[in-house]
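The values are calculated or read from the model by the stated rules, or taken from the named source; none is laboratory data. Everything quoted here is computed from the prediction, not taken from an experiment. Heads up, the Cβs are rebuilt from the backbone with ideal geometry, glycines too, and the neighbour counts pull from every protein chain shown. Surface areas here come from the heavy atoms of the whole protein model, side chains and all, with no ligands, DNA or RNA. Shrake-Rupley method; radii C 1.70, N 1.55, O 1.52, S 1.80 Å.
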Amino acid sequence: MEAIKEESDKGQDFIKKIETDLMDNVLTYVMDPEIEIDIVNLGLIYELKFDGSNTVDIVMTMSTPACPLSDAIVQNVRESIMHKYTNFVVNVDVVFEPAWHSGLITEEGKEMLGM
Amino acid sequence: MNGLQTANAPSSKIVVPHFIVGGISFLAVAILLLISNAELLTAYFDNRLIAITHIAVLGWASMMAFGALYQLIPVVYETSLYSEKLAVVTFGLFTISIVLLPYSFWIGSYTNLLFYTSLLMFFSLLLFIINLHLTYRKNNKPNIQSKFINTGIYWLAATELLGTIIALNFKYNFLSETHLHYLKIHAHLGMIGWFLLLIMGASSILIPMFMISHNLNAKKLTYAYYFINAALLAISIDWLFMQTNVGVYIYWMLFVAGIGFFLSYVYEAYSTRLRRKLDVGLKYTVIAIAALVLPLLTAAYLIIEGETTLFILRMSSFYGFSIIFGVISMLILGQTYKTLPFIVWLDKYQPYVGKFKTPVPRELYSEKIADYQFYSYLLAISLIAVGILIKLPIILLVGSILLIIAALLNLINLMKMVMHKTKLEDFPTRK
């Protein structure tokens, strides 16, 4: 029983490690080309889940539903992850509910925006 | 709007040539204004001024608006353009028309060449109107912005129809009033019906998007839409069929109410914006929107004054100048920096995003040139406006030279974007 729990903890640690790496070291390089701030600090990523094998599911939004660059941003998310983890499958779901708001921007992002 | 409309965007090969011809036309306008400096101090219906005005509103402003609209349609109408082939044919015919029609005015060929060139212009604009109307019909969820733009297109049809009737009247002489009477209606249909509604529809999407402003009161746009359309419809019917003197005060107040609601909407976006620093594109935009007050005040003065003196004729020129250069051109110059870099960027870099390090759209043009252009343009139009009002030719001359500089800088940056060569770099080593 102990051994199974230990194995499960290890699995959870691995998932957490990959998710943190994707957020901190991959998606922070994905910029909104107009605002010129990365999508993590802008607070555009609502959810990122790694299944422990090779699939990443992302729920994200755009700073405005009218964003004409949204396809390019989504493509950048996919390609950037697959650039580092070549065998990963990346599913990106773009939602506008709940709507993005300024409270989602990180302190660093606010500084970049001059807020 | 549900976003993710990039897939509906037309080919950049359709959009970009509009910006090139528009930029060249703007330079032509500036050069011809310098040549015709003296005419600016006479009457607005001088042959050369009419020619320059038509290059400005058709070759420059409408050409740029057509290009931007083709790109904006997927965002506003949430569908692709009805026909890209029709857009190509329209561009070809329209380009020929914007050379020949002003040439007819310039040489004063009102009874011969104008007859043919006005019909050609009518036909090319009709193709654009049909294409946009059929695109609008594909849109299942019209919103206030798409209503603004689509109604603007119908007013463009009315403007063009009346313009063609005036042109035909020079040959067949069938209208009951002098052509100047109809010219006034034609100009207002175009400047308010086509350009103002287009500006309101497009900028009510673009300004909040670029300033990052949310939860704005869209009802203000609805009120603006109805007040302005009611005012324009009433003033057109009055001027065409009744010619009362009293009504014009009411119409003016309706315009003030409509523009007031729109200004209030933009101010709300401006004051709640998350992006505090305004780039050059947004600086132009903010000044252009604020400049809407100028023609309103000038119109009030012209209405109250009534009599036709030489000063009133110059005030009329100032009225037109403030709309064309203070509002329309100012906004177009600004929005060029907010649209063209993205159009070119998407074309050149979309296949490579995430795979290589790419420049950001802002890096596709020179910010230094954009800044010099901004200040030279502001100074140019301020000097020309003052020159017209106080009748000082030397100020007009300096202003016109500065306008050529601004137009040249605009064209240089425009070509820099259009001719941009793809530059790809490997990503810096990530952790």
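Restrict the check to segment B:396-404 and report whether at least one residue is without any contact (Cβ under 8 Å) to a residue 24 or more places away in the chain and either open to solvent by less than 30 Å² (accessible area, probe 1.4 Å) or more than 26 Å from A:Ile73 (Cα to Cα) (or both).
Step one: of segment B:396-404, the residues without any contact (Cβ under 8 Å) to a residue 24 or more places away in the chain are B:398-399.
Next, only the ones that are either open to solvent by less than 30 Å² (accessible area, probe 1.4 Å) or more than 26 Å from A:Ile73 (Cα to Cα) (or both) stay: B:398-399.
Within segment B:396-404 (the criterion being without any contact (Cβ under 8 Å) to a residue 24 or more places away in the chain and either open to solvent by less than 30 Å² (accessible area, probe 1.4 Å) or more than 26 Å from A:Ile73 (Cα to Cα) (or both)), the answer is yes, since at least one residue qualifies.
Does segment B:101-115 include one or more residues that are under 18 Å from the mean Cα position of the chain (by Cα) and closer than 21 Å to B:Ile166 by Cα? Don't jump to the end; show me each part of the working.
Residues of segment B:101-115 that are under 18 Å from the mean Cα position of the chain (by Cα), as a first pass: B:102.
Okay, now just the ones that are also closer than 21 Å to B:Ile166 by Cα, so B:102.
The answer is yes, given that some residue of segment B:101-115 is under 18 Å from the mean Cα position of the chain (by Cα) and closer than 21 Å to B:Ile166 by Cα.
Regarding B:Asn245, is this residue part of a loop (DSSP other than H, G, I, E, B) and either more than 14 Å from chain A (Cβ to nearest Cβ) or open to solvent by less than 30 Å² (accessible area, probe 1.4 Å) (or both)? It would help to see each step written out before you state the result.
On the way: part of a loop (DSSP other than H, G, I, E, B): yes; either more than 14 Å from chain A (Cβ to nearest Cβ) or open to solvent by less than 30 Å² (accessible area, probe 1.4 Å) (or both): yes.
Yes; evaluated as a whole, the condition is true for this residue.
Only one of (1) touching a Lys or Arg at 6+ places or on another chain (Cβ under 9 Å); (2) part of a helix (DSSP H, G or I); (3) open to solvent by 20 Å² or more (accessible area, probe 1.4 Å) is not met by A:Leu22, so which one is it?
Unmet for A:Leu22, out of (1) touching a Lys or Arg at 6+ places or on another chain (Cβ under 9 Å); (2) part of a helix (DSSP H, G or I); (3) open to solvent by 20 Å² or more (accessible area, probe 1.4 Å): (3).
Can you say whether B:Lys277 is at pLDDT below 95, among the basic types (Lys, Arg) and not in a helix (DSSP H, G or I), as far as the supplied structure shows? Before you say what the answer is, go through the steps one by one.
On the way: at pLDDT below 95: yes; among the basic types (Lys, Arg): yes; not in a helix (DSSP H, G or I): yes.
Criteria met by B:Lys277.
Does B:Gln335 satisfy the condition of being part of a helix (DSSP H, G or I) and open to solvent by 20 Å² or more (accessible area, probe 1.4 Å)? Spell out how you get there, then give the answer.
Details: part of a helix (DSSP H, G or I): yes; open to solvent by 20 Å² or more (accessible area, probe 1.4 Å): yes.
So B:Gln335 passes the test.
Just to be sure, is B:Arg273 more than 21 Å from A:Ile37 (Cα to Cα) and in contact (Cβ under 8 Å) with a residue 60 or more places away in the chain? First the steps, then the outcome.
Working: more than 21 Å from A:Ile37 (Cα to Cα): no; in contact (Cβ under 8 Å) with a residue 60 or more places away in the chain: yes.
Against the criterion (more than 21 Å from A:Ile37 (Cα to Cα) and in contact (Cβ under 8 Å) with a residue 60 or more places away in the chain), B:Arg273 does not qualify.
Of all residues in segment A:25-34, which are facing another protein chain (nearest Cβ under 8 Å) and either assigned to a helix (DSSP H, G or I) or modelled with pLDDT of 90 or more (or both)? Write out each step before concluding.
Just the residues of segment A:25-34 that are facing another protein chain (nearest Cβ under 8 Å), to begin with: A:25-26, A:29-31, A:33-34.
The answer is A:Asn25, A:Val26, A:Tyr29, A:Val30.
Restricting attention to segment B:197-212, report how many residues are without any contact (Cβ under 8 Å) to a residue 60 or more places away in the chain and more than 14 Å from every other protein chain (Cβ to nearest Cβ). Talk me through it step by step, then tell me what you get.
Filtering segment B:197-212 for residues without any contact (Cβ under 8 Å) to a residue 60 or more places away in the chain gives B:197, B:209.
Within this subset, residues satisfying the condition of being more than 14 Å from every other protein chain (Cβ to nearest Cβ) are B:197.
Of the residues in that region, 1 qualify.
Here are some residues: A:Thr64, A:Thr28. Which one is crowded, with 21+ Cβ neighbours inside 10 Å and among the polar types (S, T, N, Q)? First the steps, then the outcome.
Values: A:Thr28 fails: crowded, with 21+ Cβ neighbours inside 10 Å.
Within the list A:Thr64, A:Thr28, the selection yields A:Thr64.
Quick one: which of A:Ile105, A:Ile81, A:Ile73, A:Ile18 is at negative phi, at pLDDT 90 or above and more than 9 Å from chain B (Cβ to nearest Cβ)? Let's see the steps before the verdict.
Values: A:Ile105 fails: more than 9 Å from chain B (Cβ to nearest Cβ); A:Ile81 fails: more than 9 Å from chain B (Cβ to nearest Cβ); A:Ile73 fails: more than 9 Å from chain B (Cβ to nearest Cβ).
Answer to the check: A:Ile18.
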